């Protein structure tokens, strides 16, 4: 079985080597996964992100954007290149760790789930270091998605999303930025897939550490929830 790992990245030279190292180190053979296909979508980086990634993993597939376009645009570019039986999204920082892959993959392989999300809110009501504005924005987004789509999710905007290939087949993403997390959740729900949530450890990083989802992004995310829920 093959696992495709999509990594949207913009100026992540500080963390990319550790993420790649952790991906290489995680052993998934007991779950029947014998191949890892890593796809780095370089979203217009001006630093050494690509150089560091390829030096550590020469087999990595790299898709280049000349200019920074946003996370949604990166995923749109990367998804058609994913050939794995299971496709996951891995942010290029240390908020979400590859060491959690087995926990999230078990419900898919042993329990036959089609979609699994790593929830930041299942293990603790407010994740470590999550600033109050982000906490409130997340809670508003959770309420809206559940209200408008008849779901009972605890973390629809998590960046840790795992899909069996058929769940994403033919899906077109139109959001360019961080609203794509909401778009994915709403579109998967409208396709009739139930999302299984699994608790994950999570510690938010700061802007000094390279966080790129600014408070104003919350408005784009909330608009995406409304727009795609009403379609």
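For the pair residue 67 and residue 106, what calculated FRET efficiency results from E = 1/(1 + (r/R0)^6), where r is the Cβ-Cβ distance and R0 = 45 Å, to the nearest 0.05? Don't jump to the answer; show the numbers that get you there.
Working: r = 39 Å, r/R0 = 0.87.
According to the calculation, E is roughly 0.70.
The chain: percent of C-alpha pairs farther apart than 32 Å?
12 percent
From zero outward in steps of 5 Å, how is the percent of C-alpha pairs of segment 104-148 spread across the bins?
P(r) over segment 104-148, rounded to whole percents: 5, 17, 19, 20, 15, 15, 6, 1.
Of 109, 41, 145, which is the most mobile in a GNM of the chain whose springs link Cα atoms less than 10 angstrom apart?
Between 109, 41, 145, it is 109 that shows the largest mean-square fluctuation.
Could you work out [θ]222 nm for the chain from helices alone, using -39500 (n - 2.57) per DSSP H run of at least four and dividing by all its residues? Round to the nearest 500 deg cm²/dmol.
Details: 8 runs with 82 residues, N = 231.
So the calculated ellipticity at 222 nm is -10500 deg cm²/dmol.
Averaging over every viewing direction, what projected area does the convex hull of the Cα atoms of segment 147-197 cover, in nm²? Numbers along the way, then the final one.
Details: hull surface 14.9 nm².
It is 3.7 nm².
Could you calculate the contour length gain from residue 54 to residue 131, that is, 0.36 nm times the residue separation minus the distance between their Cα atoms, to one decimal place in nm?
Values: separation 77, 0.36 × 77 = 27.72 nm, distance 3.38 nm.
Stretched out fully, the residue 54 to residue 131 stretch lengthens by 24.3 nm.
If you project the alpha carbons of segment 80-174 onto their three principal axes, what span does each projection cover, largest first, in Å?
39, 32, 27
Just round it to a whole percent: the fraction of Cα-Cα distances in segment 1-88 exceeding 16 Å.
Working: 1952 of 3828 pairs.
So the portion of pairs separated by more than 16 Å is 51 percent.
Quick one: 60, 87, fewest Cβ neighbours within 10 Å first, how do they rank? It would help to have the intermediate numbers written out before the result.
Numbers: 60 18, 87 23.
Taking fewest neighbouring Cβ atoms as first place, the list is 60, 87.
Any read-out appearing in this document is the output of simple, stated calculations on the displayed coordinates, not a laboratory observation. Since the model is a prediction, treat every value here as computed from it, not as a measurement. Every residue, glycine among them, receives a Cβ derived from its backbone with ideal geometry; neighbour counts consider all protein chains shown.
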